[in-house]
Amino acid sequence: MPKLDYKLTAYPFHIDAMGHVNNTVYIQWMEIGRVHLLAAVGLPMSQIMQQGFGPVLVDTRISYKKPLFLGDTIAASIWVSKLKGASAEMSFEFRNQHNEVAAVGTQRGLFVNLSTQKPRRIDPEDRERFSSYLIEPAG
């Protein structure tokens, strides 16, 4: 299956003064998804850091559709929507327990060499790993 699904719960520390999940929490939930995706493709964080490279985000976009509230169970999905020479775009979807879309988003990131801090191109082996979760947008 091209999308990687993971479950989340809205806890009291996620709730803001407006009574719903704070917008910054979605960025944390995206990070959870990225860590799950890296592990699913055989590149867990501990392994890639030992190999001398690490992931860096360069762009985050989120569109909020419906609020999430304390105690809500969230079905989250992540997939790769673009795979370029040195960067990748990951797409996200967050649904409430009624299967309604609460938010969608994208993040663009790349791997950097930890010693030089320069981008590391995606090699053919890693490209193949990520392709199992690649769903490119139509058009």
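The values are calculated or read from the model by the stated rules, or taken from the named source; none is laboratory data. Values in this document were obtained by computation on a predicted structure and should not be read as measured data. Cβ atoms come from the backbone with ideal geometry, glycine included; neighbour counts cover every protein chain shown. Note: accessible area is taken over every heavy atom of the protein model, side chains too, but ligands, DNA and RNA are not part of it. Shrake-Rupley method; radii C 1.70, N 1.55, O 1.52, S 1.80 Å.
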* Look through LYS7, LYS66 and report the one residue that is of a type in the set (Lys, Arg), open to solvent by 10 Å² or more (accessible area, probe 1.4 Å) and part of a strand (DSSP E or B). => LYS7
* Structure fact -> Residue pairs qualifying under the 7 Å Cβ cut-off, at least six apart or on distinct chains, with the first in segment 35-47 being surrounded by fewer than 16 Cβ atoms within 10 Å (Cβ to Cβ) and the second being assigned to a helix (DSSP H, G or I) and not aliphatic (A, V, I, L, M), are GLY42/ARG129
* Asked: Scanning segment 107-120 for residues that are surrounded by 13 or more Cβ atoms within 10 Å (Cβ to Cβ) and among the charged types (D, E, K, R), which turns out modelled with the highest pLDDT?
  -> ARG108
* **segment 103-128, residues that are touching a residue at least 60 places away in the same chain (Cβ under 8 Å) and either farther than 14 Å from SER81 by Cα or among the aliphatic types (A, V, I, L, M) (or both)** => ALA103, PHE111, ASN113, LEU114, SER115, ARG120, ASP126
* Structure fact -> Note: among VAL21, VAL56, just one is among the β-branched types (Val, Ile, Thr), surrounded by fewer than 17 Cβ atoms within 10 Å (Cβ to Cβ) and either closer than 16 Å to VAL112 by Cα or in contact (Cβ under 8 Å) with a residue 12 or more places away in the chain (or both), namely VAL56
* **Residue pairs meeting the criteria (Cβ under 7 Å; at least 6 apart or on separate chains; first closer than 15 Å to ASN96 by Cβ, in segment 1-18; second part of a loop (DSSP other than H, G, I, E, B) and open to solvent by 100 Å² or more (accessible area, probe 1.4 Å))** => ALA10/LEU70; ILE15/LEU70
